[in-house]
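Read the structure below first, then the notes.
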Amino acid sequence: MPQQAPPFEHQRPAPPQQPFPYEQQQPQQQGWNGAPGPAGGPGTGPGGAHGAGQAGPGGQAPAGAMAPPGPAPVVGNGWVVAITADREYFTAMMGRSGPEAAGLNLPAYFPEQQHPLAGPQISIGRRRHSTGESPDIDLGRPPEDPGVSHQHALLVQQPDGSWAVVDQNSTNGTTVNLAEDPIQPYVPVPLHEGDRVHVGAWTTLTVRRG
């Protein structure tokens, strides 16, 4: 039997009736906290994921105020994801996890890696030693992140050339920009310049220009 990622953070919400077309729907898995993901994806609230157009008191925008320009959408070529062990994310994850995570330690050495965003999709996960199946971004290499599922998430180029992240119903979920709640499985979440995608116990993938 292939080894599964140990559940140590979020209980996964039930996936939508129609799975995302790029991957076959995976069985429902259980995590730690039981925190349901928001229906609108990470950071949903006034002004959306990046806070643009946030309303003032009473739900009204201040008179004459203009929302600051949001981060640039990730469209086309020339973008990369920088992959590293993220102390800030690790600390936040440990703070909301149960006793099963007590034995986890942030790697002392994790040199940054880069992977170009080149379509149509990039898989994130851990290599299956039983079959040799390996994702495009293999987080099973030393230092292995034990919280990453074998088929954890996808970075997908949309028909308009923009990029989105899609959780593949992973055991411990995928979050964006240190949100407490995971994104919904199989629902594409658009990416913008500077966005941080968090998977596993400590891994962060930061979107930036190459």
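Sorting the segments 104-116, 134-146 by their residues' average number of neighbouring beta-carbon atoms within 10 angstrom, most packed first, yields 134-146, 104-116. Of the trypsin sites (Lys or Arg not before Pro) found in the range 117-162, those in coil by DSSP whose Cβ has at most 16 other Cβ atoms within 10 Å are Arg127, Arg128. Entry note: the range 78-175 has Rg to Rh equal to 0.97, where both radii use alpha-carbon atoms and Rh is the Kirkwood radius. Of all accessible surface on the range 65-112 at a 1.4 Å probe, what whole percent is carbon and sulfur? The value for the range 65-112 is 60 percent carbon and sulfur by accessible area.
Once the Cα-Cα distance is subtracted from the 0.36 nm per residue extended length, the Ala72 to Asn105 segment shows a gain of 8.4 nm. A straight chain from Ala92 to Gln158 at 0.36 nm per residue would run longer than the Cα-Cα distance by 20.7 nm. At a probe radius of 1.4 angstrom, the accessible area of the range 121-207 per residue rounds to 32 square angstrom. Remark: C-alpha extents of the range 146-210 on the principal axes read 32, 21, 20 Å, sorted largest to smallest.
The values are calculated or read from the model by the stated rules, or taken from the named source; none is laboratory data. None of these values were measured; they are calculated from a predicted model. Note that each Cβ is placed from the backbone with ideal geometry, even for glycine, and that neighbours are counted across all protein chains shown. Only protein heavy atoms, including side chains, enter the accessible area calculation; ligands, DNA and RNA are left aside. Shrake-Rupley method; radii C 1.70, N 1.55, O 1.52, S 1.80 Å.
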